[in-house]
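K.L.:
The structure is given below, and queries will be raised subsequently.
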Amino acid sequence: MFKVKDKELVLPGQVLGENVLAGAYCFKENDLVFSSVRGIVKTDRKFVKVIPFDGKYVPKGGDIVIGIIEGNSTGGWFVDLNSGYTGYMRGEEVTRNPMQEDLSRYYNIGDRFTAKVVEVNEIYKCNLINPWKLKGGSIINISPKKVPRVIGKQKSMINMLRDKTRCKIVVGQNGRIWLNDDDPDRIKFAVKIIKIIEEKAHTPGLTDKIGNLIDEELKNNEKFYKKFYKN
Amino acid sequence: MDEKTRLVDENGIRLDGRKPDELREIEMKVGVLKQADGSAYVKWGKNIALASVYGPRECHPQWQRDSRKAVLRCTYNMAPFSVDDRKRPGPDRRSYEISKVTTEALESVVLVENYPNTAIDVFIEILQADAGTRCVGLTAASIALADAGIPMKDIVAACASGKADGEIILDLFKDEDNKGEADLPIAIVPRTGEIALMQLDGDLTREEFEKAFDMAVAGGLKVNEIQKETLLKEYKKE
Amino acid sequence: MKMEIEEYLKKDYITNLINANKRTDGRAFDEYRNLEVIKGYVNDKAEGSALVKLGETQVLVGVKMDVGEPYPDRPNEGIMATNSELRPGASPNFELGPPRAESIELSRVVDRGIRESGAIKTDELFIEEDKVWVVFIDIHILDHLGNLIDAAGIAAISALLDARMPKYEDGEVIRGEWGGKLPVGRVPIPCTVAKIGNSIISDPSVDEEYAADARLTIATTDKLNAMQKGGSGTFTKDEIMNAVDLAFKNGDNIRKIVE
């Protein structure tokens, strides 16, 4: 039996239901289930979970993330994931003989790349595979909890962003977003829009609202508009 | 104040116009700092506290790491300009003690098992002090943790009561605290009413203690209402 | 303090015993270990001293006095200062170095009981303008087998009751000679309980402290003078009021040994 409605705003310690199954960001005491974070509650038949608004990234198998090389070890690299947990990438990901070669010809400290998270253990040590180096461009950080909104249902939001801003955009589940374009103003514009999405992530109908907002901005700023669609 | 100025007059009104069980004015905000993962600002009477949370993050030094859970580390610090007579910068014995009891109070609710091997650091800065700063700091730290998305069993709220001029009163301000006969800061887990922090300085009978205790708990529950309102505010305005 | 395997296992063992209403040494939940107070233990140099053996815990407190300036807001009153040292020889978990939070907490809690009850009659420590007696209470932990706060607090008030005033002549403290007793009024006794599961037990031993979720120290005279909750567990109001009653009861018994 639920004590809250689906999509209601909840806080840590708030009771969600009795005799229901506790999902993510919930905890159980006797027969009662509570939220452990500030977020939106989702109820589904006998099951309840909370989608938090905030929180640092914690490695999850299957996630595509943007990592930064932070250190070397003999057979690979330590990777910063903007998390409380460091990732590891084995030399085998870039070469057949990682022990015979000088791995710095592939990746050096400070290099940025996307990769997939695999093999996460109980203390969140994880490995990264299928790296793809990101050259140039800039990286911004948003709250990892807002990444699903930036991607949107069936990639609706991210596709619209790429379309309308004409930038290359890569989104990591760990809250890092890489943007690249010849025109720095376009990148600035795209970052501005992404920050707005982050701020308003909990509003319904956001994809349409953002689409309209972009159109408005471009319309109100003719010089900008011309620049945008010059090429 | 040279002569025995009364702290509570014959109508039960205190020097700042409050009734014995009345709280000072409290204002709270979250998400006030950019770098921190979570943050909060609390203005409580003339007290001003800022709390920031970093974490879960890598735990340094390595020897402090715990593979079963996150290590929660809270530091309480008073700015040199926060008090009447400048306070030498740096931790003193009082701030070590307050840091310890604050950490322990929050440990009672933070779900540290969720993040083994990491550290969750909480920094409480008292920017202006007018008695009750440990309660103000802990109240701010609580909502800063919620702002950072750190999973907790509840939002801990703190409040102090005491005795002045023979009367049991709530939320003493500096003048009352200096001349008071007892000081009882407590922190509650609002959902269960259990006590996560409690200290007493003074000379109270069992009955006086119970009265002061009940008053502080009631004050804490009111503080908790403001905490919850503050956390919901930025998401409710749409 | 990281728990080793042995202590991990001990924690379960103790908790199970407590849940079955037993303690490892067979004591009742509200019972203290054997208490021995030896006053004047090191009085050739110290103004006063006391060695306390609480079970196997051993704490030595020395009282030293000197002449100093009073606080500006209390120009006619003497001063007291309390410090504690968790000596490395007392426990494998104590290290050399500046005082850690536990040491600071210990000294401040012991100080609180003495200060708030007015045990030291500071108004009788005035010498002349800008000169008052300063009383230093130094807690030296010798062997940590649990409940350091109570052992230290009992040793501190005992050392104060034992203390003599140094001789003061022509503006100088004459070391090695003493006058009358240090004026002491009320006798505060701290009583600590630990919470293990849902049980409240008095005077926890070192193993019981590992198993405890939280502790509550209450210092009493005829009234409540100081309280400190420690540890990351919580207390209900009923548990707190029960601890208050235990503190008055056990405090009265201990005071008879100390006075």
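K.L.:
Restricting attention to the stretch B:2-29, and to residues there that are part of a strand (DSSP E or B) and at pLDDT 95 or above, which single residue is surrounded by the most Cβ atoms within 10 Å (Cβ to Cβ)?
P.N.:
Restricting attention to the stretch B:2-29, the residues satisfying the condition of being part of a strand (DSSP E or B) are B:8, B:14, B:26-29.
With the extra rule that they be at pLDDT 95 or above, the set shrinks to B:26-29.
Numbers: B:26: 19, B:27: 11, B:28: 21, B:29: 17.
Here the residue is B:28.
K.L.:
So, in the stretch A:23-50, how many residues would count as being in a loop (DSSP other than H, G, I, E, B) and surrounded by 20 or more Cβ atoms within 10 Å (Cβ to Cβ)?
P.N.:
Of the residues in the stretch A:23-50, 4 are in a loop (DSSP other than H, G, I, E, B) and surrounded by 20 or more Cβ atoms within 10 Å (Cβ to Cβ).
K.L.:
Looking at residue C:251, is it within 13 Å of chain B (Cβ to nearest Cβ) and either under 24 Å from residue C:146 (Cβ atoms) or not small (Gly, Ala, Ser) (or both)? Full working, then the answer.
P.N.:
Details: within 13 Å of chain B (Cβ to nearest Cβ): yes; either under 24 Å from residue C:146 (Cβ atoms) or not small (Gly, Ala, Ser) (or both): yes.
So residue C:251 passes the test.
K.L.:
Let me ask something else about it. Check every one of the strands (runs of 3 or more DSSP E) wholly within the stretch B:87-181 and list those with 3 or more residues that are open to solvent by 10 Å² or more (accessible area, probe 1.4 Å) and more than 30 Å from residue B:11 (Cβ to Cβ). Explain how you work it out, then say what you get.
P.N.:
On the way: elements: B:118-128, B:157-164, B:167-170.
Where strands (runs of 3 or more DSSP E) fall fully within the stretch B:87-181 and carry at least 3 residues being open to solvent by 10 Å² or more (accessible area, probe 1.4 Å) and more than 30 Å from residue B:11 (Cβ to Cβ), they are B:118-128.
K.L.:
Which residues, counting only those in the stretch C:106-135, are open to solvent by less than 10 Å² (accessible area, probe 1.4 Å) and assigned to a loop (DSSP other than H, G, I, E, B)?
P.N.:
Within the stretch C:106-135, C:117, C:119, C:125 qualify.
K.L.:
Mind checking which helices (runs of 4 or more DSSP H) fall wholly inside the stretch A:122-231 and carry at least 3 residues that are β-branched (Val, Ile, Thr)?
P.N.:
Details: elements: A:147-151, A:156-165, A:184-199, A:206-220, A:222-228.
It comes to A:147-151, A:184-199, A:206-220.
K.L.:
Going residue by residue through the stretch B:155-163, is there one that turns out to be free of Cβ contacts under 8 Å to residues at least 60 places away in the same chain and within 14 Å of chain A (Cβ to nearest Cβ)?
P.N.:
From the stretch B:155-163, those free of Cβ contacts under 8 Å to residues at least 60 places away in the same chain are B:156, B:160-163; that's our starting set.
Now restrict to residues that are within 14 Å of chain A (Cβ to nearest Cβ): B:156.
Yes, the stretch B:155-163 contains at least one residue that is free of Cβ contacts under 8 Å to residues at least 60 places away in the same chain and within 14 Å of chain A (Cβ to nearest Cβ).
K.L.:
Quick test for you: out of A:78, A:53, A:113, pick the one residue that is within 14 Å of another protein chain (Cβ to nearest Cβ), aromatic (Phe, Trp, Tyr) and open to solvent by less than 50 Å² (accessible area, probe 1.4 Å). Before the answer, list the steps.
P.N.:
Details: A:78 fails: open to solvent by less than 50 Å² (accessible area, probe 1.4 Å); A:113 fails: within 14 Å of another protein chain (Cβ to nearest Cβ).
Going through A:78, A:53, A:113 in turn, the sole match is A:53.
K.L.:
Continuing with the same structure: Quickly run through the stretch A:147-166 and pick out the residues that are over 13 Å from residue A:210 (Cα atoms) and surrounded by fewer than 20 Cβ atoms within 10 Å (Cβ to Cβ).
P.N.:
Correct list: A:148, A:153, A:154, A:155, A:166.
K.L.:
May I ask you to list the residues in the stretch C:189-229 that are of a type in the set (Ser, Thr, Tyr), in a strand (DSSP E or B) and either within 14 Å of chain B (Cβ to nearest Cβ) or farther than 24 Å from residue C:56 by Cα (or both)?
P.N.:
Quick first cut of the stretch C:189-229, residues of a type in the set (Ser, Thr, Tyr) only: C:192, C:199, C:202, C:205, C:210, C:217, C:220-221.
After this cut, where a residue has to be in a strand (DSSP E or B) as well, the list is C:192, C:199, C:202, C:217, C:220.
Within the stretch C:189-229, C:192, C:217, C:220 meet the criteria.
K.L.:
On to the next question. Condition first: open to solvent by 10 Å² or more (accessible area, probe 1.4 Å) and not basic (Lys, Arg). Now tell me which residues in the stretch B:198-215 satisfy that.
P.N.:
Start the filter on the stretch B:198-215 by keeping residues that are open to solvent by 10 Å² or more (accessible area, probe 1.4 Å), which leaves B:201, B:203, B:205-208, B:210-211, B:214-215.
Residues satisfying the conditions are B:201, B:203, B:205, B:207, B:208, B:210, B:214, B:215.
K.L.:
Restricting to the stretch C:196-234, name every residue that is of a type outside the set (A, V, I, L, M), over 18 Å from the mean Cα position of the chain (by Cα), within 17 Å of residue B:108 (Cβ to Cβ) and crowded, with 23+ Cβ neighbours inside 10 Å.
P.N.:
Step one: of the stretch C:196-234, the residues of a type outside the set (A, V, I, L, M) are C:197-199, C:202-205, C:207-210, C:213, C:215, C:217, C:220-223, C:225, C:228-234.
Subsequent filtering for residues that are over 18 Å from the mean Cα position of the chain (by Cα) retains C:197-199, C:207-208, C:210, C:213, C:232-234.
Next, from what is left, pick out any that are within 17 Å of residue B:108 (Cβ to Cβ): C:197-198, C:213, C:232-234.
The answer is C:234, and nothing else.
K.L.:
Would you check if there is a residue in the stretch A:111-118 being small (Gly, Ala, Ser) and part of a helix (DSSP H, G or I)?
P.N.:
Taking the stretch A:111-118 and keeping what is small (Gly, Ala, Ser), we get A:115.
With the extra rule that they be part of a helix (DSSP H, G or I), the set shrinks to none.
No, because not a single residue in the stretch A:111-118 is small (Gly, Ala, Ser) and part of a helix (DSSP H, G or I).
K.L.:
Quick check on the stretch A:82-103: of everything there that is open to solvent by less than 10 Å² (accessible area, probe 1.4 Å) and out of contact with any Asp or Glu (no Cβ under 7 Å at 6 or more places or on another chain), which residue is farthest from the other protein chains (Cβ to nearest Cβ)?
P.N.:
The extreme case among them is A:91.
The values are calculated or read from the model by the stated rules, or taken from the named source; none is laboratory data. Quantities reported herein were computed from a predicted structural model and do not represent experimental measurements. Here Cβ is always computed from backbone atoms with ideal geometry, including for glycine, and neighbour counts include all displayed protein chains. SASA here: full protein model, heavy atoms, side chains in, ligands and nucleic acids out. Shrake-Rupley method; radii C 1.70, N 1.55, O 1.52, S 1.80 Å.
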